[in-house]
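Accompanying notes for the structure given below.
The values are calculated or read from the model by the stated rules, or taken from the named source; none is laboratory data. Since this is a predicted model, take the numbers as computed values, not measurements. Cβ placement follows ideal geometry from the backbone for every residue including glycine, while neighbour counts extend to all protein chains displayed. Heads up: the accessible areas ignore ligands, DNA and RNA and are worked out on the full protein's heavy atoms, side chains in. Shrake-Rupley method; radii C 1.70, N 1.55, O 1.52, S 1.80 Å.
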Amino acid sequence: MAGLTAAAVAAVCFLAYQASANVPEDLSAKPKAPSTATPSTSPSGGPKQPDRDPLAVPAASGTGERVVYGLSDRRVWLVNGNGKVTRTFTVMPSTVSPPPGSYAVTSRSGSVRGSDGVQIEHVVRFATTQDVAIGFSAAVDGSMPEPDTTKKTGGVRMKRADGNALWTFAVIGTKIVVVA
């Protein structure tokens, strides 16, 4: 009987050693699956590109001090002369958008009534498209509603704090880069 007990204890010790040898250092870590997965691909069949950081300034937006307006991102980046983003924020596009390209601030207005009838402030104009002036602004009441698609408007709306920052940054002649 002693022999059977000794063999059982030895078997348990061996199994305990094997189990402890396979315990991850961090018990919350998930075990690695066998390497049978195929590389992920994009819908076009090529290798899947890593997701772009939505807060990072678009790579094709030029260099130097500039305001970058991402049409599909609905976002603006204020970029200083060293290429560092000093602020980024979301915007509500107007019904008329400028084509991608490089522009410059052509005029500014402290407070006016927008083409949609809303009182706005810190208007920074930089383009004209379809006979509509395009510019950034903030509604005095702080609203950022979807624009009325039955009207041709060119105001790219932002929150008041963001409008204040853009107003300080984008003086006459400041480069505006519009990217798709």
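Couple of notes before you dig in:
- Residues of the range 144-179 satisfying the condition of being of a type in the set (G, A, S) and in contact with a strand residue (DSSP E or B) (Cβ under 8 Å, 6 or more places away or on another chain): G154, G155, G163, A165, A170, G173
- Scan of the range 72-102 for residues that are assigned to a loop (DSSP other than H, G, I, E, B), surrounded by fewer than 16 Cβ atoms within 10 Å (Cβ to Cβ) and either of a type outside the set (S, T, Y) or in contact with a Ser or Thr (Cβ under 6 Å, 6 or more places away or on another chain) (or both), ordered by number: R74, N80, G81, N82, G83, K84, P99, P100
- Restricting the range 128-153 to residues that are surrounded by 20 or more Cβ atoms within 10 Å (Cβ to Cβ) and among the small types (G, A, S), the residue that is farthest from the chain's Cα centre (by Cα) is A139.
- Residue in the range 117-136 that is over 16 Å from R66 (Cα atoms) and among the hydroxyl-bearing types (S, T, Y) present: yes
- Residue in the range 165-175 that is open to solvent by less than 60 Å² (accessible area, probe 1.4 Å), over 15 Å from T90 (Cα atoms), of a type in the set (G, A, S) and out of contact with any His (no Cβ under 6 Å at 6 or more places or on another chain) present: yes
- Remark: pairs (first residue in the range 107-133, closer than 17 Å to N164 by Cβ and among the polar types (S, T, N, Q); second residue part of a loop (DSSP other than H, G, I, E, B) and modelled with pLDDT of 95 or more; Cβ separation under 7 Å; 6+ apart in sequence or on different chains) = Q119/V140.
- Yes/no for S102 being among the hydroxyl-bearing types (S, T, Y) and more than 21 Å from the chain's Cα centre (by Cα): no
- Test: T168 is of a type in the set (V, I, T), within 24 Å of V85 (Cβ to Cβ), outside any strand (DSSP E or B) and without any contact (Cβ under 8 Å) to a residue 12 or more places away in the chain: yes
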